[in-house]
1. Only one of A:R134, A:R69 is more than 17 Å from B:L90 (Cα to Cα), in a loop (DSSP other than H, G, I, E, B), touching a residue at least 12 places away in the same chain (Cβ under 8 Å) and within 14 Å of chain B (Cβ to nearest Cβ). Can you tell me which?
2. Tell me whether the stretch B:32-46 contains one or more residues that are crowded, with 22+ Cβ neighbours inside 10 Å, acidic (D, E), more than 20 Å from A:L59 (Cβ to Cβ) and in contact with a helix residue (DSSP H, G or I) (Cβ under 6 Å, 6 or more places away or on another chain).
3. Give the residue, chosen from B:E17, B:E108, B:E27, that is over 27 Å from A:L59 (Cβ atoms) and surrounded by fewer than 22 Cβ atoms within 10 Å (Cβ to Cβ).
4. Which residues, taken from the stretch B:65-80, are within 9 Å of the chain's Cα centre (by Cα) and either within 9 Å of chain A (Cβ to nearest Cβ) or of a type in the set (D, E, K, R) (or both)?
5. Tell me the residue from A:I26, A:I16 that is aliphatic (A, V, I, L, M) and without any contact (Cβ under 8 Å) to a residue 40 or more places away in the chain, please.
6. When you scan the stretch A:30-57, how many residues do you find that are touching a residue at least 12 places away in the same chain (Cβ under 8 Å), more than 10 Å from chain B (Cβ to nearest Cβ) and either among the acidic types (D, E) or in contact with a Ser or Thr (Cβ under 9 Å, 6 or more places away or on another chain) (or both)?
7. In the stretch B:81-110, which residue that is closer than 24 Å to A:A44 by Cβ, out of contact with any Lys or Arg (no Cβ under 9 Å at 6 or more places or on another chain) and acidic (D, E) is nearest to the other protein chains (Cβ to nearest Cβ)?
8. Being modelled with pLDDT under 95, surrounded by 19 or more Cβ atoms within 10 Å (Cβ to Cβ), in contact with an Asp or Glu (Cβ under 9 Å, 6 or more places away or on another chain) and not in a helix (DSSP H, G or I): is that true of A:L76 here?
Amino acid sequence: MIDPIDPHQTRPRDLILELPTDVRTIEHAVDYVIGRCPACAEQARRLQLNFRVGLTEALSNAMLYGNSRDPSKRVLVEIAFQLGCIQARVTDQGQGFDPRSVPDPTTPENLTKPCGRGLFLMRKLMDEVCYNDRGNQVTLVLKLESGGILEGGVQA
Amino acid sequence: MGFQVSRNGDVTLVEVEGQLIVGNRQELKQQVLEQLESGDRKFVVDFSNTGYIDSSGLGVLVSLSKKIREQGGELRLSSLNEDLRTLFELTKLDTLFRIADTKDKALEGF
């Protein structure tokens, strides 16, 4: 079992999933979460593009890099559907990493590298992306105001 | 979810059904590399029936494009929907690939 989250950091949680470290579970888990969002109909694109990408990339990073594909480790997903936003927190059982160490994948020297775009896409498509100090837990926030424009410029 | 591989003249056409994500990217990579090893040099990957590509899927396209270029070939893409095009534009991969509106346009003059 994954260690309980610090209660001082805990927000209201409407949905909690604990996944095995198996990338085949990601698609179904993301579909499950999106299918239970009460704002689905009027926020279709922000959910199907922004939130789907953000949550998928967070889960991929947690399984591939956080848990190093170790099938004995788990990934905890906590979702809160709040007024005007969705919050998703993804916690792995790895050692953590420094998100500042991930280079910009759009620079000429990195553009042809096969890796390094997951965190970049999360930052571009979500309104907030915050890591804990250890670097094994990421919290994503997507605002759901109609007609809003994300910092990354992708309009809903 | 899968990949349909067909021939159109000397071009290998790969149609992605469903999603290109971390869970199936190796299957696409294996299929294209097998064709490359058998002598094919021109590839079109078509996304008419693709809903989503994640960063791993983008990465495998970059990796394949590099390997094909090293062998003197080219990988072209076609039929990106609005969301997929957004992902390519955000990551600037639209500058790395020749992207056609349809697979027919991708095949033209290849």
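The values are calculated or read from the model by the stated rules, or taken from the named source; none is laboratory data. The shown structure was predicted, so the numbers you read here are calculated from the model rather than taken from an experiment. Virtual Cβ from ideal backbone geometry, glycine too; neighbours counted across all protein chains shown.
1. Within the list A:R134, A:R69, the selection yields A:R69.
2. Step one: filter the stretch B:32-46 for residues crowded, with 22+ Cβ neighbours inside 10 Å, giving B:32, B:43-46.
Filter once more, keeping what is acidic (D, E): B:46.
Right, trim to more than 20 Å from A:L59 (Cβ to Cβ) and you get B:46.
Checking the rest, the ones that are also in contact with a helix residue (DSSP H, G or I) (Cβ under 6 Å, 6 or more places away or on another chain) come to B:46.
Yes: one or more hits.
3. Working: B:E17 fails: over 27 Å from A:L59 (Cβ atoms); B:E27 fails: over 27 Å from A:L59 (Cβ atoms).
When all the criteria are applied, what remains is B:E108.
4. Pass one, the stretch B:65-80, residues within 9 Å of the chain's Cα centre (by Cα): B:65, B:75-78.
If the condition is that a residue be within 9 Å of the chain's Cα centre (by Cα) and either within 9 Å of chain A (Cβ to nearest Cβ) or of a type in the set (D, E, K, R) (or both), then B:S65, B:R76 are the ones that fit.
5. On the way: A:I16 fails: without any contact (Cβ under 8 Å) to a residue 40 or more places away in the chain.
Result: A:I26 is the single residue among A:I26, A:I16 that is aliphatic (A, V, I, L, M) and without any contact (Cβ under 8 Å) to a residue 40 or more places away in the chain.
6. So the count comes out to 2.
7. For the stretch B:81-110, the residue satisfying everything is B:E89.
8. In short, no.
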